[in-house]
Amino acid sequence: MSEEHNIAVIPGDLNGITVTNAAVKVSEALTKLLTKPIKHTTFDYNADYFIKNDLTELGEKELSELKKYDQIFLGAIGDPTKIKPGVVEVGILLKLRQEFDQYVNLRPVVLPQGVASILVGKDYKDINFEICRENSEGLYVGEGKIENEGTDEEAGIQIMKCTYKGVKRLAEYAVQRAIARKKGGKPTMHFVFKTNVLKYAGAPWIRVFDEMKERTDVDIKYLHIDNFLMQMLINPAQFDVVITENMFGDISTDAGAVIQGGIGSAVSGNINPTGEMPSMFEPIHGSAPDKWYELDKNGMCVPGTFVEEKLQEVKPEAAFMSYAMMLDQMGEEKAAKALKDAALNNIRNKNYKTMKKDELVENTINFIKEYKG
Ligand code: IPM
Ligand code: MN
């Protein structure tokens, strides 16, 4: 057993760097609440790194380095004024999710008490569930082809590959989460897919559902993704834990972020439940280039228009709470709770919208220092 927690930190680009620096800084105030110290090691894997090293994805060198760490904390990546959109997203984020077999993307949809939802009449009692997004396969396997490119017969084909083992292990993880987070009464787990249309990719989803549906400790239900999105807006209180395919999870968790108070507070963990390889924690929001650069008439970022003052407008709370989720996974529940409560305290502040980043960091540190549990 190591004497410290070894965390690999990947700040990334733009917004990612800002929120990561803030999260690492506030984490230093947690010392007294930890069972052992945390050591951060920073890796500059981002757009500049890819350009400098002429990379299209992280290679063996970077992967074997990162593999040595207990966990990875990631800010956000991508800067379209430097590198074509998609390159670092696929080459870093998707690469790590795949290589480290982080097959669950745990994305809570929880509206904090005292924060208004855009869903009129819904409060924290209604919006409190988790989406476990399948994170290693589905439409994200990167398989397919372009036929007859450049002709009128051009066809882009993208494969959605869902395996029995992949759905099964996700469902097994999620059912344990459902049992653990029981809100009183029997918990519910929803399978969400589109089995009426996607009959091949849907087959393993139906098979795993059939194997689990007679459980007596958890109510097992099924919804098509379109219906799920609608139900999430009409009656979110019916959900405890939801499992879904990679792309469906990508889309529904952005909608989930909005009903729980905004993308600025939505967190995620790319989890390898076996613990054999590091998990990776990141805020759902991206590097937000549209906030950093001026946009041209097509909405494209104009290089060189970045202004330093905008740094203060960044909200670091999603990064703080993602860091807290990481602490939780490491068994540091006390520190996790303190950091999460500190972030929520910022979010609940009536002046939150206009508060500057440095002030939010300062408040967080003070809150932690005075934390009584
Ligand atoms: C997310 C992001 C990524 C995804 C992108 C950046 C590749 O949108 O984590 O939700 O699609 O998974
Ligand atoms: Mn997304």
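The values are calculated or read from the model by the stated rules, or taken from the named source; none is laboratory data. In this text, all values refer to a predicted model and were calculated from it rather than measured experimentally. Methodologically, a virtual Cβ is constructed for each residue, glycine included, from the backbone with ideal geometry; neighbour enumeration extends over all protein chains shown. These accessible areas exclude ligands, DNA and RNA; they are computed on the full protein's heavy atoms, side chains included. Shrake-Rupley method; radii C 1.70, N 1.55, O 1.52, S 1.80 Å.
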key: In order through the stretch 58-64: 3J(HN,Hα) via Karplus (6.51 cos²θ - 1.76 cosθ + 1.60), integer Hz, x for Gly, Pro   = 4, x, 4, 4, 5, 5, 5
Gap separating the Cα centres of the stretch 137-173 and the stretch 226-285, nearest whole Å = 21
remark   = With x for Gly and Pro, the residue-by-residue ³J(HN,Hα) of the stretch 124-129, computed from phi through the Karplus equation 6.51 cos²θ - 1.76 cosθ + 1.60 at θ = phi - 60° and given in whole Hz, is 4, 6, 8, 10, 7, 8
note = Treating only Lys and Arg (+1) and Asp and Glu (-1) as charged, each at its beta carbon, one finds that the chain has a dipole about its Cα centre, in Debye to the nearest 20, of 1520
inquiry  = Give me a comma-separated list of calculated 3J(HN,Hα) values for the stretch 192-203, in order, Karplus coefficients 6.51, -1.76, 1.60 applied at θ = phi - 60°, integers in Hz, x for any Gly or Pro.
reply    = 10, 8, 8, 6, 6, 10, 8, 6, 6, 5, x, 4
message = So with the 1.4 Å probe, I'd like the accessible area per residue for the stretch 1-110, rounded to whole Å².
response = 44
ask   = Roughly how big is the stretch 104-265's charge dipole about its Cα centre, with Cβ charges of +1 (Lys, Arg) and -1 (Asp, Glu), in debye to the nearest 20?
value = 940
remark   = Here the FRET efficiency for Asn298 versus Glu3, based on Cβ atoms and R0 = 45 Å and rounded to 0.05, is 0.25
inquiry  = For the stretch 104-265, give me the percentage of DSSP beta bridges that are antiparallel, rounded to the nearest 5 percent.
reply    = 45
task = Assign one of three labels to the stretch 104-265, namely rounded, prolate or oblate, based on the Cα gyration tensor with a ≥ b ≥ c the square roots of its eigenvalues; rounded applies when a/c is under 1.5, prolate when it is not and a/b is larger than b/c, and oblate otherwise.
result = oblate
message = Compute the distance from the alpha-carbon center of the stretch 1-41 to that of the stretch 318-357, in whole Å.
response = 13
query = Each label point is 7 Å from the Cα along the Cα-to-Cβ direction; what then is the distance between the points at Glu276 and Met247, in nm?
reply = 2.9
query = Want the number for Lys36 to Glu89: 0.36 nm per residue separation, take away the alpha-carbon distance, what's left?
reply = 15.8 nm
query = What is the Cα centroid distance between the stretch 56-113 and the stretch 292-312, reported in whole angstrom?
reply = 24
key: Gaussian network model of the chain, Cα within-10 Å springs - most flexible of Glu313, Glu60, Glu172   = Glu60
query = Where the accessible area of the stretch 40-198 is counted over protein heavy atoms with a 1.4 Å probe, how much of it, in %, is carbon and sulfur?
reply = 49
query = Which of the lysines could be linked to Lys369 by a straight reach, that is with a Cα gap under 25 Å, when you skip same-chain ones fewer than 8 residues away?
reply = Lys25, Lys32, Lys36, Lys39, Lys315, Lys334, Lys337, Lys340, Lys350, Lys353, Lys356, Lys357
note = The set of residues whose placed amide H lies less than 5 Å from the amide H of His190, leaving out same-chain residues fewer than 5 positions away, is Lys221, Asp240, Val241, Val242, Ile243
Mean separation of Cα contacts under 8 Å (6+ apart) over length of the chain, as relative contact order % = 21
remark   = Non-local residues with an amide H under 5 Å from the amide H of Ile38, with H modelled 1.01 Å from N and Pro and chain starts lacking one, are His5
key: Within the accessible area of the stretch 263-373 (1.4 Å probe), percent carbon and sulfur   = 51
remark   = Taking placed amide H atoms and a strict 5 Å upper bound, the residues 5 or more places from Lys161 or on another chain that come that close are Gly138, Leu139, Tyr140, Val141
remark   = Expected max-MSF residue from Val314, Val241, Val120 in the GNM of the chain (alpha carbon, under 10 Å) is Val120
query = Relative to the Cα centre, what is the charge dipole magnitude of the stretch 40-121, using +1 at the beta carbon of each Lys and Arg, -1 at the beta carbon of each Asp and Glu, and rounding to the nearest 20 debye?
reply = 220
